[in-house]
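S.K.: I am attaching a structure below and will ask some questions about it afterwards.
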Amino acid sequence: MLKKISVNDLRVGMHIKEFCGSWMEHPFWRNAFVMDDPRDLQRILASSIKEVWIDCSKGLDVAPEVKTVSFAESEAEVEAELARAASSARQIERVGVSAELARAARICAKGKQAVVSMFQEARMGRAIDTAATQRLVEEISDSVTRNPGALISLARIKTADDYTYLHSVAVCALMVALARQMGLSEEDTRAAGHAGLLHDLGKALMPMDVLNKPGKLTDEEFAIVKQHPVEGHRLLLEAKGTHEVTLDVCLHHHEKMDGSGYPDHLPAEQISRFARMGAVCDVYDAITSNRPYKAGWDPAESLRRMAEWTQGHFDPAIFQSFVKSLGIYPIGSLVRLASGRLAIVVEQSARSLLAPRVKVFFSTRSNARLPPEIVDLSRPGSTEKIAAREDPAAWNFPDLDRLWLTGESAS
């Protein structure tokens, strides 16, 4: 039986099924294990993880008086959080995702080259020319305006080797999409995008063997990496004319609403709106991307996990706007339809967050591939709907990304 409990109620002998937080926040290589070492308990309590799932069938149970959350209760809370995000219509004008993909690919390549150059300059001790990145931010912003899904989704499928550089491009695009969803001014939207592009500049000064380590970081290595906001802020202060929003997001994108973030452990009222936006965008791209030590989570699964962590970690209103900007089932999500067919989400619908355009390609009833077919679930009279999200790891389809990247014909 699964129960979600506070880390303060953990005891040696309990079986940890899952940490309630991204894998970047806890010091363990494994995500599920029997906690038989008191030192592991102390490491958990010292981390920013506040809750965990335990499996009482594989380890000790909690005392009767301990407050717990059942799996069903947790799922109901997640559904309610996502429903709040889906309750209002999206307000975006765009071109089709297929029409934007080629331009988005060129922008991603240019963005990666720009970030690589900035990192090299920083490592050589040269001042960063932040003004030179403004044109790139404008190009990313224009792409997001034409179709927010194209560039964001392309940047998500980066390789582990490209992660450090394309992560900055992805967070820039996510920040722009979120700012537009929140109705921010053009000036503030550009500021948000610029902050996203430069938020991780401090990683240029992190040891490469730590940054690219193909395994879980030790406590000492994690302490080193946690200095990147401070180092990035210092680099940006040395650059002339850096916008105050960029400085703020660089320093505070790892702060949390409950004060458990870093580097300053700021309480919610001291975390700016832009830093709160940066926290959401940074985590989403991080957990959906392949890393040297872990494959990224499915986009829809990632949003559900983040919805579970919203309390204490993210600003709930900003998270809801973020979900609206991507869709409940972002591009690339694997879903099962009511008919039993599997499909990959290829584009969002302006009509509903819950009814995107999907590419059907597999029948669970006959356990066989189907000729790919585009279905607009929001089309009036459509009898199909999404029954559930699916875990790509459980199916092992090697071509999921190619399915949504290839051309399409409406049905």
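The values are calculated or read from the model by the stated rules, or taken from the named source; none is laboratory data. Bear in mind the structure is a predicted one, so any value in this text is a computation, not a measurement. Cβ placement follows ideal geometry from the backbone for every residue including glycine, while neighbour counts extend to all protein chains displayed. The area values use the complete protein model at the heavy-atom level, side chains included, leaving out ligands, DNA and RNA. Shrake-Rupley method; radii C 1.70, N 1.55, O 1.52, S 1.80 Å.
S.K.: Once the Cα gyration tensor of region 97-326 is found, what semi-axes does its equivalent ellipsoid get, as square roots of 5 times the eigenvalues, in whole Å, sorted largest first?
M.R.: They are 22, 21, 19 Å, listed from largest to smallest.
S.K.: Scan region 87-192 for GluC sites (Glu not before Pro) in coil per DSSP, keeping those whose Cβ has at most 12 other Cβ atoms within 10 Å, and list them by number. Each step should come with its number before you reach the end.
M.R.: Working: sites: E93, E100, E121, E138, E139, E186, E187; in loops: E93.
When the GluC sites (Glu not before Pro) of region 87-192 are filtered for loop state and at most 12 Cβ neighbours within 10 Å, E93 remain.
S.K.: If you add up the charges near G259, with Lys and Arg at +1 and Asp and Glu at -1, over every other residue whose beta carbon is less than 14 angstrom from its beta carbon, what do you get?
M.R.: Every neighbour counted, the sum reads -2.
S.K.: Now for a different question. With Cβ to Cβ distances under 12 Å as the rule, what net charge do the other residues near P371 carry (K, R +1; D, E -1)?
M.R.: +2
S.K.: Quote the charge dipole size of the chain about the Cα centre in Debye, to the nearest 20; the model charges only the Cβ of Lys and Arg (+1) and of Asp and Glu (-1).
M.R.: So the magnitude is around 1040 debye.
S.K.: Can you give the extra length, in nm with one decimal, that the chain gains between A72 and R234 once fully stretched, where that is 0.36 nm per residue apart less the Cα-Cα distance?
M.R.: Result for the pair: 53.7 nm of gain on full extension.
S.K.: Additional query: Compute a Gaussian network model of the chain, connecting alpha carbons closer than 10 Å, and tell me which residue from N367, N147, N290 fluctuates the most.
M.R.: Top of the fluctuation ranking is N367.
S.K.: While we're looking at this one, here's another question. Counting only protein heavy atoms, what percent of the accessible surface of region 151-297 is carbon or sulfur at a 1.4 Å probe?
M.R.: 51 percent
S.K.: Another question, then. So what is the calculated 222 nm ellipticity per residue for the chain, using -39500 (n - 2.57) for each DSSP H run with n of 4 or more, over all residues, to the nearest 500 deg cm²/dmol?
M.R.: Working: 16 runs with 189 residues, N = 411.
Dividing the helical sum by the residues of the chain leaves -14000 deg cm²/dmol.
S.K.: Run the reach check for K17 against lysines, Cα to Cα strictly under 22 Å, same-chain hits fewer than 8 apart removed. What comes back?
M.R.: K3, K4, K50, K58, K67, K216, K294
S.K.: Can I ask one more? Checking the a/c ratio against 1.5 first, then a/b against b/c, what shape does the Cα gyration tensor give for region 113-201? Can you show the working numbers first?
M.R.: On the way: a/c = 2.40, a/b = 1.36, b/c = 1.77.
The shape class here is oblate.
S.K.: Restricted to Cα positions, what overall size does region 195-256 have along the principal axes? Three whole-Å values, descending.
M.R.: Principal-axis extents of region 195-256 (Cα, largest first): 37, 24, 17 Å.
S.K.: Leaving out ligands and nucleic acids, and using a 1.4 Å probe, what accessible area per residue does region 333-405 come to in Å²?
M.R.: With the other protein chains kept in place, region 333-405 gives 48 Å² per residue.
S.K.: If you don't mind, there's one more thing I want to ask. Express the C-alpha Rg of the chain as a ratio against the empirical globular expectation 2.2 N^0.38 Å, rounded to two decimals.
M.R.: For the chain, the normalised Cα radius of gyration comes out at 0.98.
S.K.: Net charge within 10 Å of A160 by Cβ-Cβ distance, Lys/Arg positive one each and Asp/Glu negative one each, not counting A160 itself?
M.R.: It works out to a net charge of +1.
S.K.: Moving to a separate point now. Using a basic spin-label model with each label point 7 Å from the Cα along Cα→Cβ, how many nm lie between E138 and L370?
M.R.: Output for this residue pair reads 4.6 nm.
S.K.: Take the Cβ-Cβ distance between Q42 and M208 as r, set R0 to 45 Å, and report the resulting FRET efficiency rounded to the nearest 0.05.
M.R.: According to the calculation, E is roughly 0.90.
S.K.: OK, next. What value in Å³ per residue do you get for the convex hull of the alpha-carbon atoms in region 333-405?
M.R.: It comes to 85 Å³ per residue, whole-number rounded.
S.K.: In square angstrom, what is the accessible area per residue of region 97-326 with a 1.4 angstrom probe?
M.R.: 37 Å²
S.K.: Give the residues of region 254-289 whose amide nitrogen is closer than 16 Å to a point set 7 Å from the Cα of D188 in the direction of its Cβ.
M.R.: 271-279
S.K.: Taking the inverse of the average 1/r across all pairs of different Cα atoms in region 260-309, what Kirkwood radius in Å do you get?
M.R.: 12.2 Å
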